[in-house]
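Reviewing the structure listed below.
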Amino acid sequence: MLLPRFEYHEPTTLEDALNLLHELGGNARVLAGGTDLLVKMKRKLEKPSHVISVARVPGMDQIIPRNGHAVTIGAGVTAAELARNELVMDRFTPLAIAAGKLGAPPIRNRASIGGNLANARPAADFPPPCMVLNATLKLKSAKGERDIPVNDFFRGPGETVIEPNELLVSLHIETPPPWSGGSYIKLGARKAMEISMVNVAAMITLQSADGPIVDVRIALGAVAPTPVRALAAEDLLVGAIPSEELFRKAGEIGVGMCSPITDHRGTMEYRCMMIEVLTKRCLTEALARAKAWKP
Amino acid sequence: MKTLIQLTVNGEPVEAAVDANRTLLQFLREDLELTGAKHGCGLGDCGACTVILDGKPVNSCLVLAVQANGRSVLTIEGLAENGKLHPIQQAFVDKGAIQCGFCTPGMILSAKALLDTNTKPTEIEIRTAISGNLCRCTGYQKIVQAIQDAAEAMTGKEGS
Ligand SMILES: Cc1cc2nc3c(=O)[nH]c(=O)nc-3n(C[C@H](O)[C@H](O)[C@H](O)COP(=O)(O)OP(=O)(O)OC[C@H]3O[C@@H](n4cnc5c(N)ncnc54)[C@H](O)[C@@H]3O)c2cc1C
Ligand code: FES
Ligand code: FES
């Protein structure tokens with residue numbers, strides 16, 4: 001499979017990258033790991049006349065802790081990097097788990113979090129964890145910058161709020177409060193190299209180890225044109241003492257938020273059952289981590 | 001328009017002018033005539049094209065040659081030393097982990113990347129490490145055993 005012709009740019013400063021995007025705008029595509037873009041170009045689904053690699057833009061590949069209060073993750077950070085980062089595993093657990101389940105090792109070594117979000121596939125692994133962690137995305141252009149909550153970022157399959165002259169530079173995530181824990185479950189037909197049939201991320205914050213739930217977020221992927229928060233299920237849980245029965249009900253409500261389809265990966269009925277079961281399971285795992293929270 | 005790139009391939013400096021739309025796999029196979037990395041799917045699915053880029057296994061069909069500028073590439077051709085097979089290669093031969101051989105270069109490089117950072121991998125860690133490498137001859141069991149043997153041979157050597 002051959003790649004169509006294009007002109008290649010490799011800016012070495014953020015300013016140069018933004019100026020290039022400003023000049024070339026709609027004729028250019030940003031290249032990070034290339035595991036989505038180059039596949040699309042080989043399949044002739046995309047034919048940009050310019051490709052701008054951001055691999056040599058300083059800082060794009062960095063995970064920067066902010067004094068324990070937050071973390072800034074460069075858009076170019078790879079799945080492999082996120083999966084093995086101790087801070088991410090410890091405090092931003094759903095993100096680390098999702099990173100370890102994306103594709104297979106050679107894909108994880110290239111696939112970036114920014115590329116995954118910008119690509120906006122409904123079944124992608126990173127959107128649900130970013131949603132339950134309330135990530136804010138920094139978009140920059142030659143004209144300015146804006147911070148977009150991840151929950152306002154996705155517009156539809158393959159569509160986001162990013163303008164052609166904008167670059168997704170980084171994600172900012174506040175550290176969840178004490179007694180928080182999270183998890184992520186991906187269901188595919190096999191363990192590796194599989195796009196999800198259903199994926200679920202959850203974050204729970206308790207008042208204390210045995211206290212009621214003070215905050216909870218659930219996000220589901222592959223079940224609708226964009227990843228969705230299960231807000232009604234969250235409402236049921238806030239203020240309640242966690243229990244198996246409660247989590248089962250939350251899963252039931254979660255199904256109501258979805259519009260799953262039937263395709264070769266699974267039927268609508270199967271997907272609905274899985275949403276229910278996996279929501280419950282993911283909440284149970286998140287709860288166990290919240291109870292075991294350590295300063 | 002061609003771009004001039006300089007990189008290290010199997011320890012040797014290489015300089016070449018390449019088209020932007022040339023993949024690293026095409027560059028290795030067609031320009032450098034290093035045909036060990038195979039062209040399977042061309043889409044990141046099969047792992048036949050796996051090479052090690054700056055210490056990490058990647059699908060060279062999804063890397064542009066220009067992206068490898070200034071970086072270091074290891075292909076299967078760079079593994080044997082002074083005509084002596086690398087312990088992982090030897091283990092694959094000894095265990096019968098090679099049938100048609102199409103997946104073998106990729107399998108061995110994925111295994112090498114694993115053993116470089118984890119000298120005593122569990123079976124699950126081995127299976128995860130090669131999960132991006134498909135074998136149509138279905139020789140996974142022998143492949144896993146070969147990697148286990150290689151790990152033992154390599155740590156044994158270090159200890160002595
Ligand atoms: C074999 C295989 C298996 C896969 N398995 C999975 C899987 O299990 N789960 C999953 O979620 N995905 C999977 N993917 C898809 C892909 O690997 C991921 O979506 C990956 O995270 C994309 O990142 P990238 O850096 O490769 O993006 P690229 O391909 O470089 O870019 C993707 C898109 O985002 C844009 N873009 C990239 N960076 C930026 C930026 N900083 N600012 C603005 N726009 C940007 C590009 O222009 C392009 O449109 C798989 C792909 C392959 C080939
Ligand atoms: S040829 Fe590259 S992964 Fe199949
Ligand atoms: S030995 Fe034939 S594909 Fe693996």
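In this structure the protein assembly as shown gives 44 Å² per residue of accessible area when probed at 1.4 Å with all protein chains present.
In this structure the amide hydrogen of B:L43, modeled in the peptide plane, comes within under 5 Å of no amide hydrogen from residues 5 or more places off or on another chain.
By the rule of a C-alpha distance below 27 Å, with chain neighbours fewer than 8 residues away ignored, the lysines paired with A:K143 are A:K47. Using a 1.4 Å probe over protein heavy atoms, the accessible area lost on pairing B with A, summed over both chains, comes to approximately 2500 Å².
May I ask you to rank B:T8, A:T93, B:T35 by accessible area, largest first, using a 1.4 Å probe over the protein chains only?
Of B:T8, A:T93, B:T35, the descending order of accessible area is B:T35, B:T8, A:T93.
Rounded, prolate or oblate for segment A:181-291? Axes are the square roots of the Cα gyration tensor eigenvalues, ordered a ≥ b ≥ c, and the cut-off for rounded is a/c under 1.5. Cα axes put segment A:181-291 in the prolate bin.
Report the equivalent ellipsoid semi-axes for segment A:133-237 in whole Å, largest first, defined as the square roots of five times the eigenvalues of the gyration tensor built from alpha carbon atoms.
That gives 27, 21, 12 Å for the three semi-axes.
The mean number of Cβ atoms from other chains found within 10 Å of a Cβ in peptide B:22-29 is 1, as a whole number.
Note on A:52-61: average number of Cβ atoms from other chains within 10 Å of each residue's Cβ is 1.
Close amide H contacts of B:L34 (hydrogens built in the peptide plane, cut-off under 5 Å, sequence separation of 5 or more or a different chain): B:R29. In straight-distance terms, cross-link reach from B:K142 covers every one of the aspartates and glutamates whose alpha-carbon lies under 16 Å from its own, apart from those fewer than eight places away in the same chain; here that gives B:D94, B:E123, B:E125, B:E152. Angle of helix B:104-117 to the longest C-alpha principal axis of chain B, folded into 0 to 90 degrees and rounded to 10: 70°.
In the protein assembly as shown, taking the dipole from charged Cβ atoms about the Cα centre, the farthest positive-side position among A:P295, A:V132, A:M268 is held by A:M268.
Using every pair of separate Cα atoms, the Kirkwood estimate puts the hydrodynamic radius of segment B:87-154 at 11.4 angstrom.
Considering only A:V198, A:S141, A:G182, and ranking their Cα positions along the charge dipole of chain A that arises from unit charges at the beta-carbon of Lys, Arg, Asp and Glu, the one farthest toward the positive end is A:V198. Largest accessible area first, the listed residues A:Y270, A:Y8 line up as A:Y270, A:Y8 when surface is computed with a 1.4 Å probe on the assembled protein chains.
Run the accessible area of chain A with a 1.4 Å probe and give the carbon-and-sulfur part as a rounded percent.
Roughly 52 percent, rounded to a whole number.
Within the listed set A:V88, A:V161, A:V77, the Gaussian network model of chain A (springs between alpha-carbon atoms below 10 Å) gives the highest mean-square fluctuation for A:V161. Once the Cβ-Cβ distance of B:E77 and A:A209 is raised to the sixth power relative to R0 = 45 Å, the FRET efficiency obtained is 0.20. One chain, two ends: A:A240 and A:K294. Fully extended at 0.36 nm per residue, the span grows by 17.2 nm beyond their Cα-Cα distance. The mean count of C-beta atoms from other chains within 10 Å of the C-beta of residues in B:61-70, rounded to a whole number, is 5.
Given a 1.4 Å probe and every protein chain left where it sits, what share in percent of the accessible area of segment B:50-160 is carbon and sulfur?
For segment B:50-160, the apolar C and S fraction of the accessible surface comes to 51 percent.
The distance linking segment B:89-154 with segment A:32-86 is 29 Å (Cα centroid to Cα centroid, whole angstrom).
Contact-buried residues of segment A:21-43, at a threshold of 20 Å² lost accessible area versus the chain by itself: A:L31, A:L38, A:V39, A:K42, A:R43 (1.4 Å probe; DNA, RNA and ligands ignored). Pick from A:A32, A:A230, A:A209: which is most flexible by mean-square fluctuation in a GNM of chain A where alpha carbon atoms under 10 Å apart are linked? Evaluated over chain A, the most mobile residue of the options is A:A209.
The B:A16 and A:M1 beta-carbon pair, evaluated with R₀ = 30 Å, returns a calculated FRET efficiency of approximately 0.85.
Take the Cβ atoms of A:E46 and A:T284, set R0 to 51 Å, and the FRET efficiency comes out at 0.80. Under the simplified labelling scheme, the B:L32-A:H22 pair shows an inter-label distance of 3.9 nm, with each label point 7 Å from Cα along Cα→Cβ.
Working ranking of peptides A:47-58, A:122-133 by packing, defined as the average number of other Cβ atoms within 10 Å per residue, highest first, is A:122-133, A:47-58. Can you give me the C-alpha center-to-center distance between segment A:235-295 and segment B:9-64, rounded to a whole angstrom? Going from one Cα centre to the other spans 43 Å.
What is the magnitude of the charge dipole of the protein assembly as shown about its Cα centre, with +1 placed on the Cβ of each Lys and Arg, -1 on the Cβ of each Asp and Glu, and no other charges, expressed in debye to the nearest 20?
Here the protein assembly as shown has a charge dipole of around 680 debye.
For a straight C-alpha distance cut-off of 28 angstrom, the lysines reachable from A:K280 (same-chain residues fewer than eight places away being disregarded) are A:K101, A:K186, A:K191, A:K249, A:K291, A:K294.
Compared with the dominant Cα axis of chain A, that is its longest principal axis, helix A:268-291 is turned about 80°. Simple rule: put +1 on each Lys or Arg Cβ and -1 on each Asp or Glu Cβ in the protein assembly as shown, find the dipole, and look at B:G139, A:P157, A:L168; the Cα lying farthest toward the positive end is B:G139.
Could you work out how far helix A:244-256 tilts from the main Cα principal axis of chain A, as a 0 to 90 degree angle to the nearest 10? Taking Cα atoms only, the helix is inclined about 40 degrees. Mean-square fluctuations from a GNM of chain A, with a 10 angstrom spring cutoff on Cα atoms, peak among A:T12, A:T284, A:T175 at A:T12.
The values are calculated or read from the model by the stated rules, or taken from the named source; none is laboratory data. Here the structure is a predicted model, which is why all the values come from computation and not from measurement. All Cβ positions, even for glycine, are placed from backbone atoms using ideal geometry, and neighbour counts span all protein chains on display. Heavy atoms of the whole protein, side chains included, go into the accessibility calculation; ligands, DNA and RNA do not. Shrake-Rupley method; radii C 1.70, N 1.55, O 1.52, S 1.80 Å.
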